[in-house]
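Colleague: Here it is, the structure in full.
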Amino acid sequence: MLLQDLNRVRQIGVIAARHGFGEWLERAGVWRQLGRREKVEVSAEAQRASTARRFRMLLNDLGPTFVKLGQILSTRADLLPAEYIEELATLQDHVEPVPLEAVYAQIRESLGREADELFKQIDSQPLAAASIAQVHRAVTLEGEEVVVKVQRPGISEQIDSDLVVLRSLARLLEAVVEETGIYSPTGIIDEFDRAIHEELDFVHEASNIRAFLENNRNRPYMKIPRVYDGLSSRTVLTMEFVRGVKISQAELSPEDRREVAGHILDASFRQLFEDGLFHGDPHPGNLLVLEGNRLALLDFGVVGRLSRAMQETLVMLALAVALKDSDSVARILYRVGVPDARANLVGFRNDIEGLLGRHLPMTLGQVDARSLMRELLDLAVKYRIRIPKEYALLSRASVSTEGMLRSLYPDLNILEVAMPYAKELLADRYDPSQLQGGLMRTLLRFQSLAQDLPTQLSQILLDLESGKFSVTVRAEQFDKLNDNLRSAAIVMFMGLCACGLIVGAFISFAQTPWQYHGLPVLGLLGIILSAAIFGAVFTWYLFGRRFGKVRVSRWLAKKRRG
């Protein structure tokens, strides 16, 4: 790690200690790595706040990279407890805008021409300024109104530097925190790395916009802004200006509210069950109401993609939830997830049965979708089942959409609207006249299985007959036993070495002529080395467990009781 990275780690440590996370730093050995312990007083605000709020305040103070990390974590209810998700959802990355001269310089560097050669006018005041980019209203040379999204100068280099530090901290967490079996910190940082670099690449966002534009071409109630390819690049994105009102600020009559709610619901289901491409962050600021109760979607940096198999799984899961079929819900979640170990499927099903019993009235005004999705994901984590990120992103998008629908038309019967889409998808799945139908795929898989099964059974029997059959068994208890045996062997070996050195030292005291101030040199060296070995082994034996991994859940429980 470079010197500037070590200085950044020290800065992070100071800010973390100020927000009350000094105990973690001490247990993780951060100060030992840096060479000295920083004395920092916990702020008065942090002393009053909950752990989740202090974590949000910490990320906010650490800068743009960490704010973005918090925002991405807020979409992953399968990674953090509910109180953390709620706090991180409030993170805002509004920053001071960069000067217009810096915007012109970025346009010149990215597009290869001066801004006044590409645009007739660019407003000096940005429409929005965030940590990664800021947006200006502009007019093209042809007189068309557009918005220009320009990446902040130097932000890519800053994020890359912070990612080096984050990876080092993640590896340190894996060494000292016990509960990292389901989602490893380094895995989370790798996923964040991919997500943040996709967001930094405006070519990726432009591709998303074009895909949404094509999917919604025949939906008259939905408006997607057009991308100006000649005025866009990796760090500059020029889009059509859409004139509308944010849905949270629109003044609508009860009839208009019902119509707009119907458009939102229809668009959401078509994205899921027809397009396989859905908006990952449909909050009220990214949805405009246009004239005639039409809708416009904005900000396509975060989108989710669903395969045909995932779409079918969603239908089956929705039907199982609607029918309160806890056994099917448990099996579907177990199948789509990645179990970290053999899960207790009976306990999982029983917990889901109790959950469904609390959350299944029929109208949207009565259903608490936020709690339902959150508790389903919490149960998956409890039973050590990793939920793919697409489903976690869909969960966040669904909760945001449900919040808008609840405010617009709370008595909308969502199951009644959703049923035609489910029936259509299921009909396609089991339509034998279509080669892409699920029934045909199922028959092909069964035929392949029928062909392969005799060969595989024959192979197993031949291996048994020749004595080549082997079974690999892995168990946590065996791993612990192996570690204990290895530790005992190391202690015995070091003890034998120390004893050998003591014996040699006594022989040296009796026979060696090499002396220093009247004392045999080899004998002294033998005594010193044996004492060092004995001291190291004794210290490790007595205090090694004290520096084992930290159990975060126990630490949080202690903080709540305090």
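Where a number appears in this text, it was derived from the coordinates with a stated rule and is not lab data. Keep in mind the model is a prediction, meaning the values are calculated, not measured. Note that each Cβ is placed from the backbone with ideal geometry, even for glycine, and that neighbours are counted across all protein chains shown.
Colleague: At what distance in nm do the modelled label points of Asn218 and Gln121 sit from each other, each positioned 7 Å from its Cα along Cα→Cβ?
Modeller: For Asn218 paired with Gln121, the spin-label model returns 4.0 nm.
Colleague: Label points 7 Å out from Cα along the Cβ direction at Phe241 and Glu114: separation in nm?
Modeller: Calculated label separation equals 2.3 nm.
Colleague: At 7 Å along the Cα-to-beta-carbon direction for both Ala322 and Asp266, put a label point, then send me their distance in nm to one decimal.
Modeller: Rounded to a tenth, the inter-label distance reads 1.9 nm.
Colleague: Rounded to the nearest 0.05, what FRET efficiency do Val164 and Leu100 give with R0 = 35 Å and r taken as the Cβ-Cβ distance? Could you check?
Modeller: The calculated FRET efficiency here is 0.65.
Colleague: Okay, moving on. Which of Arg486, Arg257, Arg54 has the fewest other C-beta atoms within 10 Å, and how do the rest follow up to the most?
Modeller: Least crowded to most crowded, the residues run Arg486, Arg257, Arg54.
Colleague: Take the cross-link list Lys68/Lys246; Lys68/Lys120; Lys149/Lys223; Lys223/Lys324; Lys120/Lys223; Lys68/Lys389 and give me the ones stretching past 27 Å between alpha-carbons.
Modeller: Lys68/Lys120; Lys223/Lys324
Colleague: Efficiency by 1/(1 + (r/R0)^6): what FRET value for Ala536 and Leu345, r their Cβ-Cβ distance, R0 = 45 Å, to the nearest 0.05?
Modeller: 0.45
Colleague: Now for a separate question. Want the number for Ser253 to Ile490: 0.36 nm per residue separation, take away the alpha-carbon distance, what's left?
Modeller: 77.5 nm
Colleague: What list do you get for Lys324, Lys39 if you sort them by fewest beta carbons within 10 Å?
Modeller: By the 10 Å Cβ count, ascending, the order reads Lys39, Lys324.
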